[in-house]
Structures are given as C-alpha cells and as structure tokens.
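A short write-up of the structure that comes next.
The values are calculated or read from the model by the stated rules, or taken from the named source; none is laboratory data. Treat the numbers as computed from the prediction; the structure is a model and nothing was measured. Here the Cβ positions follow ideal geometry from the backbone for every residue, glycine too, while neighbour counts run over all protein chains shown. Note: accessible area is taken over every heavy atom of the protein model, side chains too, but ligands, DNA and RNA are not part of it. Shrake-Rupley method; radii C 1.70, N 1.55, O 1.52, S 1.80 Å.
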Amino acid sequence: MGGAVSVEEATAENREKLVGDLKGKATDILTRFPDNRCCKYLIPYLDSEEGKALSNEDLLTFYQCVRTGIDNEDSGLGCYAMTPDDYTKFGGFFNAVIRDYHGDATGTAKHETDWDASGVGEGGVLDVRKLGFDQELSMRVRVGRNLKAFNLPGKMDQAERIKFEQQMLGAFQALVDNPDYGGNIYSMTPNFGEGVENPNKISDEKYQELVDAHVLFKDMDADPFLKSAGISSDWPYGRGCWQSADGQCIIWFGEEDQLRIMCMKKGFLLNEVFDRLNTMLKTVESIEGIDFATSDDYGYVTSCPSNLGTGMRASVHVKIPNLTSDGTDAKAKEVCNPLGLSVRGTGGEHTPIGADGTVDISPRARLFIKEKDIIEKLYKGIELLMAQENKPAEAPPAEAPPAEVVATEEAPKEEAPPAAE
Ligand code: ADP
Ligand code: ARG
C-alpha cells in the first residue's frame with residue numbers, strides 16, 4: 001500500500017480507501033508486531049456489521065482512536081478513546097482490545113469499585129518495615145479521571161483545553177481554601193487567549209524543577225504514542241497541576257487524562273497514600289462541576305484502555321542493585337512480569353532506571369480489580385521482589401542437583417499478566 005493514511009484523506013469520498021489502507025497497514029504491521037492489539041482487532045472490526053455501519057464521521061473518529069497503533073508499530077494497545085462514548089460507539093473494537101489486554105477470558109466481567117482497605121494487611125496497615133526496609137520509600141498512588149462534560153484529551157482543541165483549565169480553577173481554589181490542603185496552582189498555559197493573561201503561569205525553570213521533583217509531568221509532545229493520538233496537541237496549553245501546601249496531594253490537568261489525581265510521600269506505610277487519596281477524591285467529587293465519566297462495564301473512563309476501571313497506579317521506588325547489576329531493567333522485568341508488576345524508570349514511563357539500581361514498581365492490573373486489592377498487591381509484590389533481590393548468589397551448578405531444589409528456584413507465579421504496560 002502507499003504512504004501513511006492521513007486524516008485529510010479520510011473524507012466521505014474516499015472511505016473505501018481509508019478502510020483498505022487501514023486493513024492493509026494493520027496486516028503488514030502484524031507480521032512484525034503480532035502483539036499490536038490495535039492491528040489485531042481493527043481488521044475484523046472494520047469487516048463486522050458494526051464497523052461497516054459506521055457513518056463517515058464516526059469512521060474518522062475511529063481512525064483518530066487507532067492512528068497511534070498504526071504510527072507506532074510496537075504499541076501494545078495502540079488506541080485511545082477520544083470521548084467516553086467511544087467505548088460504546090466502537091464497542092466491537094474496544095471491547096476486544098480491553099478484554100484481551102486485561103485478561104478477561106469470560107468476556108462478561110464488570111468492573112467494581114471498592115476503596116475499603118480496612119481489611120488488608122494488619123488492620124488496614126501495610127508497613128514495609130515488616131519487609132525489612134529501614135529507610136523510607138517514595139510511595140505514590142494516582143488515579144486517572146475525566147469529566148463527562150468535556151472531550152477526552154485526544155479530541156480537545158486549544159480553546160477546549162483552556163476552557164477546561166479555567167473550569168478546574170474553581171475546583172483548585174476550593175482546595176487551596178480548604179485548610180486540609182491549601183497549596184498552589186502551577187500552569188504552563190502561555191495565555192488564556194489573545195491578550196488574556198494566565199495568572200498561574202510558571203517559568204521554564206520552575207517547570208523543570210517540578211518535573212525533577214516528580215510533581216509535574218514531562219514534555220508530552222516528545223511521546224510518539226500520545227502525539228499520534230492528538231493527546232499532546234496544543235502543548236503546553238491547558239497543562240499544569242495543583243499541589244497541596246504539604247506537597248503530598250497533586251492534581252495534574254491536561255496530561256493523558258484530563259485529570260490525574262495523586263498522593264505521594266516518603267514513608268513506610270503504603271496505606272497512608274492510599275487512604276489520603278481516597279479522602280482527597282471525596283473532597284474533589286463534592287466540588288460543584290466535578291462529575292467524572294464512568295462506564296457500567298469498565299468503571300472510570302480513561303483515554304487509554306489500559307487505565308480503565310480504577311485508573312489507579314500504585315507505585316514505590318525501590319533499590320534493587322542485584323537485579324539491575326547489568327545496568328538494565330531486563331532481569332527486574334523478568335522477575336516482575338510473572339508477579340503482575342510493571343517496572344518503570346525513576347522518571348516514570350519510558351525513562352531509564354536509576355544509576356543506583358532504583359526502579360519504579362507498580363501492580364499492572366487496573367480493571368476488574370478493586371482499588372483495595374491494588375494496594376495489597378503492591379505490598380505483596382514488593383515482598384516477593386525483594387526475596388528475589390536478596391536471594392543468595394547461586395552456587396555453581398552441582399553435577400546432579402536434587403530435583404526438589406531445582407523446583408523451589410522458581411519465583412512464585414500469579415495469574416498470567418497482560419503482555420503490555
Ligand atoms: P503515571 O504514574 O501517571 O502513569 P509516569 O509513570 O510517567 O506516570 O510517572 C509520572 C511521574 O511520577 C514521574 O516523575 C515519576 O517518576 C513519578 N513517580 C511515580 N511513582 C513514584 C514514586 N513512587 N515516587 C516518586 N515519584 C514517582
Ligand atoms: N499507547 C501505548 C501502547 O499502546 C502505551 C500504552 C500504555 N501506557 C500509557 N501511558 N497509557 O503501547
């Protein structure tokens with residue numbers, strides 16, 4: 001087939017060409033990247049009754065949703081929703097991607113939300129000192145959230161991004177005025193329209209300082225997955241965060257989801273960040289104008305199907321010098337994969353591990369799992385990972401090792417995890 005399909009080409013007149021090009025490209029990509037779910041499910045979808053019945057306008061939106069998976073051949077999911085409705089409008093496609101990625105063999109699981117962690121650990125306490133840590137760990141729990149009243153970030157134009165930021169300013173002010181939070185708003189938006197100043201604008205130096213402190217997100221425009229989906233468009237309009245006075249509560253606006261709401265601190269008790277986030281979310285949801293998009297089947301709606309459900313990523317930074325002694329995360333990933341844990345670098349997704357062997361560990365599951373189970377999974381995952389890290393160096397193989405010793409060498413396995421991040 002010819003060059004890449006462009007949005008400009010996708011008019012009513014050349015619908016056939018767009019469909020043909022998409023199917024051709026997907027078929028070709030699958031020969032090199034068989035795990036690209038966008039390509040795998042796009043072909044049968046476009047041939048299905050639902051796919052064939054899409055209006056030209058909807059077909060264009062569908063193309064926007066899947067373009068990232070065509071442009072980025074190594075995508076694991078390769079798609080983002082442009083509006084919360086896309087998960088139903090293109091249900092035949094998204095449902096297949098979602099149930100495959102999240103490992104729902106029944107095809108009928110429904111997401112349930114449950115933040116009650118009083119029964120996890122010892123009376124709701126998950127103390128990493130019990131796992132042998134004598135230095136505080138950097139702990140963070142975030143959720144992705146989107147407001148019903150706005151398009152998801154891939155479909156927002158500059159004006160909508162500014163409008164969203166301006167609407168959120170009321171909510172942030174309510175938090176600043178609340179003695180439990182206080183804090184500041186940091187915005188990267190150059191202006192609120194021609195000649196309209198942004199009162200919260202920060203300098204480039206301040207932005208970098210906040211990125212280095214893990215408070216603000218890095219340049220989205222440099223992320224090819226987000227760029228193809230339009231999620232990083234109009235950068236840096238409509239981008240920034242609110243941070244509480246004690247620094248621990250943060251709300252990003254304008255990243256991959258309209259909002260990423262998080263708690264982060266150094267400590268020993270994992271439940272502290274989890275419980276505080278739960279409390280903060282209740283405060284945020286009680287603010288007028290905050291109405292999060294949800295789905296009956298998939299819980300909280302997020303741009304990327306990988307984050308649906310809880311939208312939660314609960315992480316710690318841990319030092320594992322033995323498992324990273326070759327300077328890469330390869331061995332750590334090999335150990336973490338069967339434990340259902342993701343390994344990221346110290347600057348987040350797609351960044352390198354720390355020079356001292358520090359990595360970011362988080363349970364991979366987000367959908368069809370309860371919030372309380374994610375935080376418990378993180379605790380148990382750290383325990384199992386550290387057992388591997390601290391395992392005595394293997395003795396040189398004896399001539400004929402006893403069978404039972406070989407059997408116990410294996411890391412305990414959990415359910416098969418999804419293959420992509
Ligand atoms: P997300 O967690 O929202 O999917 P990233 O993985 O890109 O996004 O991480 C965003 C930022 O949060 C990065 O600066 C990353 O280092 C920081 N971060 C994540 N987990 C922790 C943690 N446990 N402690 C400190 N910083 C963290
Ligand atoms: N779109 C990329 C892919 O499909 C990343 C997906 C997971 N990460 C994310 N930030 N949503 O491989």
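Does V343 satisfy being in contact with a strand residue (DSSP E or B) (Cβ under 9 Å, 6 or more places away or on another chain) and within 16 Å of ligand 2 (Cβ to nearest atom)? Answer is yes for this residue. Here's a check for you: in the range 79-127, which residue that is closer than 20 Å to K380 by Cα and of a type in the set (D, E, K, R) is surrounded by the fewest Cβ atoms within 10 Å (Cβ to Cβ)? Per the stated criteria, the residue is E122.
Remark: Q64 matches the filter, which requires a residue to be within 16 Å of ligand 2 (Cβ to nearest atom) and open to solvent by 50 Å² or more (accessible area, probe 1.4 Å). Need pairs with beta-carbon distance below 7 Å; first residue free of Cβ contacts under 8 Å to residues at least 60 places away in the same chain and within the range 314-330, second in a strand (DSSP E or B); sequence gap 6+ or separate chains. Close Cβ pairs (under 7 Å, with a partner that is in a strand (DSSP E or B)) amount to K319/T358; T324/V359; D329/V343; D329/V359.
Restricting attention to the range 346-373, report how many residues are within 14 Å of ligand 2 (Cβ to nearest atom), more than 26 Å from A222 (Cβ to Cβ) and touching a strand residue (DSSP E or B) at 6+ places or on another chain (Cβ under 8 Å).
Initially, the range 346-373 is screened for residues within 14 Å of ligand 2 (Cβ to nearest atom), giving 347-351, 360, 362, 364-367.
Add one more test, that the residue is more than 26 Å from A222 (Cβ to Cβ), and what stays is 365, 367.
Going one step further and asking which of them are touching a strand residue (DSSP E or B) at 6+ places or on another chain (Cβ under 8 Å), we end up with 367.
Total satisfying the criteria: 1.
Close Cβ contacts (under 9 Å, 6 or more residues apart or on different chains) running from residues in the range 26-38 that are modelled with pLDDT of 95 or more to residues that are aromatic (F, W, Y) and open to solvent by less than 20 Å² (accessible area, probe 1.4 Å) comprise R37/Y101; C38/F93. If only residues of the range 76-118 that are within 16 Å of ligand 1 (Cβ to nearest atom) and of a type in the set (S, T, Y) are counted, the one that is farthest from F150 (Cα to Cα) is Y101. The residues in the range 128-164 that are in contact with an Asp or Glu (Cβ under 6 Å, 6 or more places away or on another chain) and open to solvent by 60 Å² or more (accessible area, probe 1.4 Å) can be counted, and the count is 2. Sub-6 Å Cβ pairs linking a first residue in the range 123-140 that is among the small types (G, A, S) to a second residue that is open to solvent by less than 60 Å² (accessible area, probe 1.4 Å) and part of a loop (DSSP other than H, G, I, E, B), at least 6 apart or interchain, are G124/A117, ordered by first then second residue.
Restricted to the range 204-237, and to residues that are closer than 20 Å to M168 by Cβ and among the aromatic types (F, W, Y), which residue is nearest to ligand 1 (Cβ to nearest atom)? The selected residue is F217. Annotation: of all residues in the range 219-258 being without any contact (Cβ under 8 Å) to a residue 60 or more places away in the chain and aromatic (F, W, Y), the one that is least open to solvent (accessible area, probe 1.4 Å) is W252. Would you point out the residue of the range 259-279, among those that are of a type in the set (D, E, K, R) and touching a residue at least 40 places away in the same chain (Cβ under 8 Å), that is least open to solvent (accessible area, probe 1.4 Å)? Within the range 259-279, the match that is least open to solvent (accessible area, probe 1.4 Å) is R260. For the range 119-140, a residue qualifies if it is away from ligand 1 (no atom under 14 Å from the Cβ), among the charged types (D, E, K, R) and not in a strand (DSSP E or B), and the qualifying residues are R129, K130, D134.
For the condition under 22 Å from the mean Cα position of the chain (by Cα) and not charged (D, E, K, R), what is the one hit in G182, G267, G230, G195? Outline the logic, then answer.
Numbers: G182 fails: under 22 Å from the mean Cα position of the chain (by Cα); G267 fails: under 22 Å from the mean Cα position of the chain (by Cα); G195 fails: under 22 Å from the mean Cα position of the chain (by Cα).
So the residue among G182, G267, G230, G195 that is under 22 Å from the mean Cα position of the chain (by Cα) and not charged (D, E, K, R) is G230.
Within the range 84-98, is even one residue part of a loop (DSSP other than H, G, I, E, B), under 19 Å from L226 (Cβ atoms) and not β-branched (V, I, T)? Scanning the range 84-98 turns up at least one residue that is part of a loop (DSSP other than H, G, I, E, B), under 19 Å from L226 (Cβ atoms) and not β-branched (V, I, T).
Being more than 20 Å from L367 (Cα to Cα), of a type outside the set (A, V, I, L, M) and assigned to a helix (DSSP H, G or I): is that true of E272 here? Yes.
For the criterion of being more than 14 Å from ligand 2 (Cβ to nearest atom), open to solvent by less than 20 Å² (accessible area, probe 1.4 Å) and not aliphatic (A, V, I, L, M), G51 passes.
Go through the range 67-78 residue by residue and tally those that are assigned to a helix (DSSP H, G or I) and buried (at least 20 other Cβ atoms within 10 Å of the Cβ). Can you show your working first?
Keep residues of the range 67-78 that are assigned to a helix (DSSP H, G or I), which gives 67-71.
Adding the requirement that they be buried (at least 20 other Cβ atoms within 10 Å of the Cβ) leaves 67-70.
Selection size over the range 67-78: 4.
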